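The values are calculated or read from the model by the stated rules, or taken from the named source; none is laboratory data. This structure is a prediction, so every number in the text was calculated from the model and none was measured. Backbone-built Cβ (ideal geometry, glycine too); neighbour counts: all protein chains shown.
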Amino acid sequence: MSEAAVIELRGVRAGYEGRTVIDHVDLTVRRGELVALVGANGAGKSTLLKVIVGLLKPYEGSVSVLGSAPGASARRLAYLPQAETVNWDYPLRVEDVVMMGRVAHAAPGRGPSSTDRDAARDALGRVEAADLARRPIQALSGGQRQRVLLARTLASDPELLLLDEPATGVDPTTEEHLMGILAELAANGRTILVSTHDLAGVMAHFPRVLAMNGGIVADGDASILRDDAILRRTYGGHRTTSPQLVADEHHA
Amino acid sequence: MNTMPDLLEPLQYAFVQRALLAAVLVALVCASVGVFVVLRGLAFLGDAIAHAAFPGVVIAFLMKVNIVLGGSIAAVVSALAISAVARRSGLKEDTAIGVVFSGMFAVGIVLFSSIRTYTGDLLGILFGDVLGVATDQLVVAAITAAVILIALWVIWRQLVFVSFDAIGAAAAGLNTLRYDTLLLGLIGLAIAVSVQIVGVVLVVAMLVTPAATARLLAQDLRALVVGALLVAVFSSVAGIWLSYYVNAASGGTIVLVATTLFGLVWIARGVARRRVAAG
């Protein structure tokens, strides 16, 4: 091993209220990897991300993230939750939300510093949303919301990014742009896990794919999505169509 | 006719000066805490905490200690009890609120009914008695208000993050349970300070109505806070003035002024939007 793993899971079983959602999960992710999590709703993509972030304590198994227990290095990672878990009707402006990415780094009682403001402005610029800074968040479209949340995760300059369906509600052009940002971050040594339903996008951009269905069904390069047997085990038989068809269905 | 001496007339009385000071303190505290009560939909919880403060006040009265102190302890204890019952029992929060606050209020009523010679002091707790505020009560209220406002200022950004996106905040390393508990404690303290002004029955209006009025128009948090403070302070001062002239209960008058402002802003917003829609 030339480099320590950023994420290391061994024999992990996890779920909610006693119910197991993922089981027998072994996973090693190294620095600079760009990994997609695919699978049907309920397959355990969000559950796996929450275990890595430290929001969910596994029933069994060991988890190491950035060299320590999950949650212990919260300031070095950023997590993008599914957009519907956020209160979009709050009276906040876009820049206020992006600035939240800096709150964990700030001491209580301190307002945003000039470094914080610069980081927030820079992050908004990277998702091409600089013109939205003063916009009330109530007025944002679904795609704009996703870009704002992504800017918030970028604002903390994290080593590890965990993104739960960042492409939901985003138009294809924006999605292409987001993928470009993620690829560049990975090239600069950031480690990134993304859950998504867009199999065509995964095949175009992700060097590594985890196919999930109650655990990790397959782990390999994007070509595993052309394997009918793997697709059957991932989508449970009712989705044995080609990725292109699945992707179209998602965009419809 | 010169109306100025008439308008300033109440100010010559020390009890009116104390009442104004107390009402403004309550306005500042309730409006700032109320911003989070409104954003997080905690109006029912606020009402419950106010009722739950009642037994603390009665016990303090019986033990002849400061009633704000008794009310504070009962309010904060009930706020934390509600949060603990909701977390540990698996029941929905509004159910936990219903169980805890009615139980606490019942304790207050049983104790209250056992006092044979209760005085206006205690009745004032139910319906508010701002004109009867004594200097030592005012001092306790001022200290409590300062504690609340400083605490809010220190954890403001963290509280906003936790309220807006609890999952994201937890992932960023914020202890969301700690901030939620702190917020509940601050709501409890704010209510305890306010109970002597507007009474148990109406205190939720001081928490909710000013922030709700500002929420109708505010596009960002600064506007929400400033608007809530303006509505609360204006309602308190105008309410005391009005109650002096029409000789009505001051707590009720303060709340009525705030409610009227809410109604006017709501109607004005509707008219403005229709104009915009009509082009």
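Residues checked against (1) touching a Phe, Trp or Tyr at 6+ places or on another chain (Cβ under 6 Å); (2) within 16 Å of B:A172 (Cβ to Cβ); (3) surrounded by 22 or more Cβ atoms within 10 Å (Cβ to Cβ); (4) of a type outside the set (A, V, I, L, M, F, W, C):
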residue	(1), (2), (3), (4)
A:V98	no, yes, yes, no
A:A107	no, yes, no, no
A:A167	no, no, yes, no
A:V170	no, no, yes, no
Exception for A:D219 within (1) modelled with pLDDT of 85 or more; (2) outside any strand (DSSP E or B); (3) touching a Lys or Arg at 6+ places or on another chain (Cβ under 9 Å); (4) surrounded by fewer than 22 Cβ atoms within 10 Å (Cβ to Cβ) falls at (2)
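To keep it simple, each residue is scored yes or no on (1) in contact with a Leu (Cβ under 9 Å, 6 or more places away or on another chain); (2) crowded, with 21+ Cβ neighbours inside 10 Å; (3) away from chain A (no Cβ under 14 Å); (4) at pLDDT 85 or above.
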site	(1), (2), (3), (4)
B:A106	no, no, yes, yes
B:T119	no, no, yes, no
B:L123	no, no, yes, no
B:T135	no, no, yes, yes
B:L138	yes, no, yes, yes
B:I155	yes, no, no, yes
B:A170	yes, yes, no, yes
B:T181	yes, no, yes, yes
B:I187	yes, yes, yes, yes
Residues in region A:55-98 that are on the phi < 0 side of the Ramachandran plot, more than 7 Å from every other protein chain (Cβ to nearest Cβ), of a type outside the set (F, W, Y) and not in a helix (DSSP H, G or I) total 18
Scanning region B:12-48 for residues that are more than 14 Å from every other protein chain (Cβ to nearest Cβ) and among the aromatic types (F, W, Y), the one nearest to B:L182 (Cα to Cα) turns out to be B:F44
Any chance B:L80 is under 29 Å from B:R40 (Cα atoms), of a type in the set (A, V, I, L, M) and either at pLDDT below 85 or touching a Gly at 6+ places or on another chain (Cβ under 7 Å) (or both): yes
Exercise. Kindly check whether there is at least one residue in region B:227-237 that is within 14 Å of chain A (Cβ to nearest Cβ), modelled with pLDDT of 95 or more and assigned to a helix (DSSP H, G or I).
Key: yes
Scanning region A:115-139 residue by residue, those within 14 Å of chain B (Cβ to nearest Cβ), touching a residue at least 40 places away in the same chain (Cβ under 8 Å) and surrounded by 19 or more Cβ atoms within 10 Å (Cβ to Cβ) turn out to be A:I137
Okay, helices (runs of 4 or more DSSP H) sitting entirely in region B:74-188 with 3 or more residues that are touching a Ser or Thr at 6+ places or on another chain (Cβ under 6 Å), I get B:166-171
Considering residues that are facing another protein chain (nearest Cβ under 10 Å) and either touching a Ser or Thr at 6+ places or on another chain (Cβ under 6 Å) or farther than 29 Å from B:R18 by Cα (or both), the number found within region B:197-215 is 1
Those residues of region B:170-208 that are farther than 30 Å from A:L56 by Cβ and either among the small types (G, A, S) or free of Cβ contacts under 8 Å to residues at least 60 places away in the same chain (or both) come to a total of 6
Note on B:A248: of the conditions (1) under 19 Å from the mean Cα position of the chain (by Cα); (2) within 14 Å of B:L131 (Cα to Cα); (3) among the aliphatic types (A, V, I, L, M), unmet is (1)
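Taking the condition surrounded by fewer than 23 Cβ atoms within 10 Å (Cβ to Cβ) and among the β-branched types (V, I, T), does A:T174 pass? So that I can check it myself, show each step before the final result.
Numbers: surrounded by fewer than 23 Cβ atoms within 10 Å (Cβ to Cβ): yes; among the β-branched types (V, I, T): yes.
So A:T174 passes the test.
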All conditions in (1) in a loop (DSSP other than H, G, I, E, B); (2) free of Cβ contacts under 8 Å to residues at least 40 places away in the same chain are true of A:T28 except (1)
For B:R222, the lone unmet condition from (1) crowded, with 18+ Cβ neighbours inside 10 Å; (2) within 13 Å of chain A (Cβ to nearest Cβ) is (1)
